[in-house]
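A.B. asks: After the structure tokens below, expect a handful of questions from me.
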Amino acid sequence: MESDERPAKMRKLEHADDEQSSLNADIVTSTAIPDAQTPVTAENAEAEESATAATGTPAGDEDAAPKLSKNQLKKQKRHDRWEAGREDRKQKRKDKIKEKKERWREARKSDGDGTSSTVQPRPARALRHSAGLGTQVPVTIIFDCDFEDFMFDHELKSLGLQITRSYSDNRKAKFRAHLALSSFGGKMKERFDGILAQQYTHWKGFRFSEEDFVAVAQTSKEWMTGPKGGEIAGALKPSEEDGASGEEEKTDKTIEEGEIVYLSAESDNVLTHLKPNSTYIIGGLVDKNRHKGICHKRAVERGIKTAKLPIGEFLEMNSRQVLVTNHVLEIMLKWMESGDWGKAFMEVIPKRKGGKLKDGGDDEEADLDEAEHKEELDQDMEEAEDVSAEPAPKVPQSEEPTQAEKGTEAWNQGI
């Protein structure tokens, strides 16, 4: 009997062990790999989101690659350090200005006592947030910034820098124009409000509007005809030659009304001169020429006159005649000062574009320099020929007799 029961007993224990091992395997499987049929509760979803936010990778996927590359992480760290040191830089600037003022007061005080006379008067300059020392003229320039969907983030940043540079150039110009920015919103407004700390709210003579360029252009007429519209001066003022050559036929009403022009390199019209009480629109687009003709098409669809700067009539360029926004503005400011497009182009357009005056301005100067240099060389050659034609000067002989002369003299004396 005992021999019959032992195998049965052993089989029973063996069966129990198999059941226990299968149960443990099921438990491990259920904990390691969740069943796809298991419903996801709100608590589980919140736990997964918190884990993802903390680690930067989805929950349960710790070996997944990070979303940011090494270069992006480095840029992010540099940006964080720059933002962290903003207040320190601001305080350093204040301390530097304070020390400069104190040194100036001490120098003025010592000069008043008669102990020093080295203090030089401060140069006259515009206040930080003033309109500038130049003359205000009745001309408005609008930057159309409704192209955010066509630009990348770094291009939007570049456009913001160009607009800031345009404001600075207009403040320092001899003849200042009214500036405005249309379609102000989106990422551009976020950048000006955030990183640039709303400095644009203190800009004088620069208006920011959420409306499109057509509405802003209509409103600009009120600015130019108002009490602070400015005076017609510089190249805007008609000369006596223009009045004698038939400009008298134009009535004062036509001159005062002005016009609205959208500047575009694809236009068939050429802008020969700027007119008082006129509004000129510049497309605020930085796209490396990916979207060619988009500004011209936009103006034609809205029924706005288009024109291009007379670059082709004055310059020979190695690249496309497309300039950044601040260069276009600076060229117009230079023209209002001198009335010469060629001079304005040569002063503003970068040298890397290879622009040369068609009238031979630079070429004539180069030819004159070359001719003068050639004339100097010819003159040097003539002098060299005159010197070579002269007889060779005699070499002065030494007063002391040579060894041969001494021997001859001794022979004659019978030594």
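No lab work stands behind these numbers, since they all come straight from the coordinates. From a predicted model like this one, the values you see are computed outputs, not experimental measurements. All Cβ positions, glycine included, derive from the backbone under ideal geometry; neighbour counts span all protein chains shown.
A.B. asks: Rank-order 80-88, 171-179 by packing density, defined as the average count of other C-beta atoms within 10 Å over each peptide's residues, highest first.
C.D. replies: 171-179, 80-88
A.B. asks: How high is the FRET efficiency between residue 196 and residue 110 when r is their beta carbon distance and R₀ equals 51 Å, given to the nearest 0.05?
C.D. replies: With R0 = 51 Å, the Cβ-Cβ based efficiency is 0.80.
A.B. asks: Report, in listed order, any pair from 275/297; 92/187; 308/353; 70/90; 77/292 with a Cα-Cα distance greater than 28 Å.
C.D. replies: Over 28 Å apart, Cα to Cα: 92/187; 70/90; 77/292.
A.B. asks: Could you size up the charge dipole of region 270-355 around its Cα centre, putting +1 on the beta carbon of Lys and Arg and -1 on that of Asp and Glu, and report it in debye to the nearest 20?
C.D. replies: 420 debye
A.B. asks: What is the extension gain from residue 150 to residue 94, computed as 0.36 nm multiplied by their sequence separation minus the C-alpha to C-alpha distance, in nm to one decimal?
C.D. replies: Values: separation 56, 0.36 × 56 = 20.16 nm, distance 3.96 nm.
Roughly 16.2 nm would be gained on extension.
A.B. asks: Full extension from residue 266 to residue 212: what is 0.36 nm times the residue separation minus their Cα-Cα distance, to one decimal in nm?
C.D. replies: On the way: separation 54, 0.36 × 54 = 19.44 nm, distance 2.12 nm.
Contour length minus the Cα-Cα distance gives 17.3 nm.
A.B. asks: Right, next: My understanding is that a pair violates if its Cα-Cα distance is over 29 Å; which of 101/343; 94/204; 228/334; 189/351 do that in this structure?
C.D. replies: 101/343; 189/351
A.B. asks: Quick one: net charge around residue 76, please, counting Lys, Arg +1 and Asp, Glu -1 for every other residue with C-beta under 14 Å from its C-beta. All intermediate terms of the calculation are to be shown ahead of the outcome.
C.D. replies: Working: positive: 67, 70, 74, 75, 77, 78, 81; negative: 80, 83, 153.
In short, +4.
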